[in-house]
1. Identify the single condition in (1) free of Cβ contacts under 8 Å to residues at least 40 places away in the same chain; (2) under 40 Å from the mean Cα position of the chain (by Cα); (3) assigned to a helix (DSSP H, G or I) that Arg167 does not satisfy, given that it satisfies every other one.
2. What pairs can you find where one residue is in region 25-44 and of a type in the set (Asp, Glu), the other is surrounded by 17 or more Cβ atoms within 10 Å (Cβ to Cβ), and their Cβ atoms are less than 8 Å apart, with a gap of 6+ or different chains?
3. Among (1) within 16 Å of ligand 1 (Cβ to nearest atom); (2) part of a helix (DSSP H, G or I), which single condition is Asp94 missing?
4. Checking the conditions here, which among Asn64, Asn46 is modelled with pLDDT of 95 or more, assigned to a helix (DSSP H, G or I), away from ligand 1 (no atom under 16 Å from the Cβ) and not aliphatic (A, V, I, L, M)?
5. Can you tell me how many residues within region 1-18 are more than 10 Å from ligand 1 (Cβ to nearest atom) and of a type in the set (Val, Ile, Thr)?
6. Just wondering, is there one or more residues in region 97-110 that are without any contact (Cβ under 8 Å) to a residue 40 or more places away in the chain, closer than 28 Å to Ser80 by Cβ, outside the structural domain of Glu284 (by TED's automatic domain parsing) and surrounded by fewer than 12 Cβ atoms within 10 Å (Cβ to Cβ)?
7. Being at positive phi and charged (D, E, K, R): is that true of Glu26 here?
8. Could you list all residues from region 14-69 that are touching a Cys at 6+ places or on another chain (Cβ under 6 Å), of a type in the set (A, V, I, L, M, F, W, C) and within 13 Å of ligand 2 (Cβ to nearest atom)?
Amino acid sequence: MAATSRVQCKKCEKNSGIITCNGCLEELCRRCFNDHRQDLLKEFDNVVYEHDMLKQQLETPNENESHPLLKQIDEWKKDSINKVKQLAEQCRADVVNLLDENKDAFINRLSKITNTVRKGRDDDDYDERDLRKWMDDLKELKDELIKPSNFCVEEDKQQSPWIPKIRVRENFYDQAKAKNVQTYIDISLYGINIWNVHDAIINDLPRTNNHVEGYNSRLESNFPKHPHIYHFIELLRDEHLYQHHRAEESDMQIRKRKNLYNNIDSKLKELHEEHVKRTITNTELAIKCGRAV
Ligand SMILES: [Zn+2]
Ligand SMILES: [Zn+2]
């Protein structure tokens, strides 16, 4: 029996644990510790293998050409072409069937013309009117052969896109931007309702103070620097009249705003609604609003 209070090896549970591995903190006997190092060496080899494979992949020329994203594009191309081919085949078959159906009717009509023409020749009693009529009938038949009156081929404009368009989108901009914006959009601190001009947008009020600026510069241009008091009063009275007219005018009809501003406002409202419906996140809302104005 070994001396008291010796720690048993975690692995063999026979010998005393004399060495502790710093990684897994297990106390092991000398033999098990050696085995443990061997295991770690195997795992190390795995790391080296992965590393070398990756290095080789990076250094292989034209390695990009077999990239999964390119494969994804190729797949899309193949699928789309197949869809187009299938639909084209199906439509071709339909047209051939309908043309066949028409053919009998055409042969029927032509034989009627044949009969009248033949009778005209046999009786030798035709004149310009007959000739014109036969010519017209033949032309009508010929036209209808090329462009049947009972069916056509057309683009289905109502159907939603049947081959989805693909594109390459770079994530970098949004990610970097989102990180920056995220810092400012702690919703618990700054609720959407206290965001800049939130109420103004919801209530159709101006987002900017441009109208106040306008009023300011109007006063500045109408009033001289040091007016005589009577002149000043006169000017004030004129100004009051003018603003009174403006107010009455705006009661009658809303002054036209530039389309650009209306478009921005409706875009912002749209975004707000999307946010209310939770189809966009706080961050997305902030970024998209920033882009809209
Ligand atoms: Zn052991
Ligand atoms: Zn260990």
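The values are calculated or read from the model by the stated rules, or taken from the named source; none is laboratory data. Computed from a prediction, not measured in an experiment: that's the story for all the values here. Heads up, the Cβs are rebuilt from the backbone with ideal geometry, glycines too, and the neighbour counts pull from every protein chain shown.
1. (3)
2. Glu26/Lys10; Glu26/Lys11; Glu26/Gly17; Glu26/His36; Glu27/Cys9; Glu27/Lys10; Glu27/Gly17; Asp35/Lys11
3. The one condition Asp94 does not meet is (1).
4. Checking each option against the conditions leaves just Asn46.
5. Start the filter on region 1-18 by keeping residues that are more than 10 Å from ligand 1 (Cβ to nearest atom), which leaves 1-7.
Right, trim to of a type in the set (Val, Ile, Thr) and you get 4, 7.
So the count comes out to 2.
6. The answer is yes, given that some residue of region 97-110 is without any contact (Cβ under 8 Å) to a residue 40 or more places away in the chain, closer than 28 Å to Ser80 by Cβ, outside the structural domain of Glu284 (by TED's automatic domain parsing) and surrounded by fewer than 12 Cβ atoms within 10 Å (Cβ to Cβ).
7. Values: at positive phi: no; charged (D, E, K, R): yes.
No.
8. Within region 14-69, Leu28, Cys32 qualify.
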